[in-house]
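The values are calculated or read from the model by the stated rules, or taken from the named source; none is laboratory data. This is a predicted model, so every value here is computed, not measured. Reconstructed Cβ throughout: ideal geometry from the backbone, glycine too, with neighbour counts over all protein chains shown.
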């Protein structure tokens, strides 16, 4: 359940809620008070949802609405950061892809088609930046090797300083929540 103290505070995305003084809802965008985001070399964005003093969190319809607002703010931020980072990693490692899109998949962090089209979940924003890079590199490696055979893991290891399987294990500890 999303409550008044709900908060997301990750390497790339800050979101919290605060009771406003007026009726209605407002989204306030600012810079996170924490350090500069070294992942995309841009300041971390913070989104504050100001909600009405009379707003009730418990009705299911309100929970659905809140989840939609949060998801759309994450989508907006993911579209700002993830394609830019994917392009940087592709260029750095001499890999190519045809397109990138952001989706709301909860069971896959990313995917790559045989046409080298990469899909990324907006929920990547909930991960530490090292694991986001791992997922992006994983999908970029699929532009050369479409399977998870030995050549795929050798290639991915070459881009992760030999830590591909360790990073895969770390990633398995995370699940999109809310």
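Couple of notes before you dig in:
- When segment 69-97 is limited to residues that are on the phi < 0 side of the Ramachandran plot and in a loop (DSSP other than H, G, I, E, B), the one that is surrounded by the fewest Cβ atoms within 10 Å (Cβ to Cβ) turns out to be 96.
- Restricting attention to segment 103-117, the residues that are in contact with a helix residue (DSSP H, G or I) (Cβ under 6 Å, 6 or more places away or on another chain) and closer than 11 Å to residue 140 by Cα total 2.
- Taking segment 113-124 as the range and being in contact with a strand residue (DSSP E or B) (Cβ under 7 Å, 6 or more places away or on another chain) and either modelled with pLDDT under 95 or surrounded by fewer than 22 Cβ atoms within 10 Å (Cβ to Cβ) (or both) as the test, the residues that pass are 117, 119.
- If you filter segment 3-43 down to residues that are touching a helix residue (DSSP H, G or I) at 6+ places or on another chain (Cβ under 7 Å) and part of a loop (DSSP other than H, G, I, E, B), you find that the one that is modelled with the lowest pLDDT is 40.
- Filter pass, residue 173 being without any contact (Cβ under 8 Å) to a residue 60 or more places away in the chain and surrounded by 14 or more Cβ atoms within 10 Å (Cβ to Cβ): no
- Residue match in segment 48-69 (condition: at pLDDT 95 or above and under 17 Å from residue 121 (Cβ atoms)): yes
- Boolean, residue 138 is free of Cβ contacts under 8 Å to residues at least 60 places away in the same chain, crowded, with 21+ Cβ neighbours inside 10 Å and more than 30 Å from residue 9 (Cβ to Cβ): no
- Hey, residue 100 more than 24 Å from residue 48 (Cβ to Cβ), in a helix (DSSP H, G or I), in contact with a helix residue (DSSP H, G or I) (Cβ under 7 Å, 6 or more places away or on another chain) and modelled with pLDDT of 95 or more or not: no
- Residue list for segment 155-165, restricted to those being surrounded by 13 or more Cβ atoms within 10 Å (Cβ to Cβ) and more than 23 Å from residue 83 (Cα to Cα): 163
- Filtered by the rule that a residue be surrounded by 12 or more Cβ atoms within 10 Å (Cβ to Cβ) and either part of a loop (DSSP other than H, G, I, E, B) or not assigned by TED's automatic domain parsing to the domain that holds residue 17 (or both), segment 50-68 gives 52, 55, 57.
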